1. Filter the chymotrypsin sites (Phe, Trp or Tyr not before Pro) in segment 1-60 down to the DSSP loop ones having no more than 16 other Cβ atoms within 10 Å, then list what survives.
2. Based on the Cβ-Cβ distance from R52 to T3, what FRET efficiency comes out when R0 is 45 Å, to the nearest 0.05?
3. Between rounded, prolate and oblate, where does segment 77-148 land on the alpha carbon gyration tensor, with a ≥ b ≥ c its root eigenvalues, rounded for a/c under 1.5, else prolate if a/b exceeds b/c?
4. Between T22 and T87, what is the spin-label point distance in nm, taking each point 7 Å from the Cα along the Cα→C-beta axis?
5. Please say if segment 4-149 is rounded, prolate or oblate, where rounded means a/c under 1.5 for a ≥ b ≥ c the square roots of the C-alpha gyration tensor eigenvalues, and otherwise the choice is prolate for a/b larger than b/c and oblate otherwise?
6. Could you list the residues of segment 92-130 with an amide nitrogen less than 14 Å from a label point located 7 Å from the Cα of I141 in the Cα-to-C-beta direction?
7. So what are the ³J(HN,Hα) numbers for segment 65-73, from phi and the Karplus equation (6.51, -1.76, 1.60; θ = phi - 60°), rounded to whole Hz, Gly and Pro as x?
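The numbers here are math on the coordinates, done by the rules we state, and not lab data. Keep in mind that what you see is a predicted model, and the values were worked out from it rather than measured. So basically every Cβ, Gly included, is an ideal-geometry build from the backbone, and we count neighbours across all protein chains shown.
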Amino acid sequence: MPTENSEVRELLDKQACAEVLTRYCRALDWLDEEALKKVFAADAYIDYGFFRGRGDAFIPAVMEIEHSFARRWHFVANAVIQVNGDTAEAECYGLAAAVSTKEGRTETHIFGGRYLDRLARRDGQWLITWRQYVLDWQQTIEADTPADAVPGLLLSTGFNPTHALYRRL
């Protein structure tokens with residue numbers, strides 16, 4: 001029978017795992033490669049279809065893709081996390097949008113899928129040790145008017161770890 005202390009420990013571990021999933025999004029959006037190294041174990045197995053391999057090789061590969069876009073936005077939701085001691089399994093939905101320009105027109109690429117993860121606590125920190133991304137749908141929207149044509153909006157163009165709004169969290 002679980003004790004109050006074990007239930008609290010499980011809640012804290014679930015929260016820590018959920019934060020790892022969120023930190024993945026934040027690292028990509030801010031183009032923070034160092035933050036991404038705190039998400040994946042170096043020896044993690046990662047399968048995104050276009051990439052299958054170790055976590056330490058995935059990080060520069062995915063960052064190259066993210067750098068190719070003018071703006072990025074990643075979001076995870078509905079995470080189900082099951083903790084078993086120093087390991088955990090998680091599944092969550094993910095939405096991602098990326099903005100680029102093609103022949104003077106703005107293109108917004110939207111991806112909807114899910115992340116299937118295994119995590120482990122290593123040296124007191126939770127890390128993703130295995131991930132498979134499943135793409136459920138994708139859509140590209142073209143617009144004649146670029147998003148930056150709306151006056152007064154602060155756009156995320158140029159957001160990176162040296163940006164004045166970036167905070168180490």
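1. F50, F51
2. That pair, R52 with T3, gives E of 0.60.
3. Numbers: a/c = 4.14, a/b = 2.89, b/c = 1.43.
Taking the square roots of the gyration eigenvalues as a ≥ b ≥ c, segment 77-148 is prolate.
4. Spacing of the two 7 Å Cα→Cβ label points: 2.7 nm.
5. Working: a/c = 2.37, a/b = 1.97, b/c = 1.20.
Prolate shape, in that a/c is at least 1.5 and a/b is the bigger ratio.
6. Inside the label zone: 96-100, 106-112.
7. Couplings: 5, 4, 5, 6, 9, 6, 9, 9, 7 Hz.
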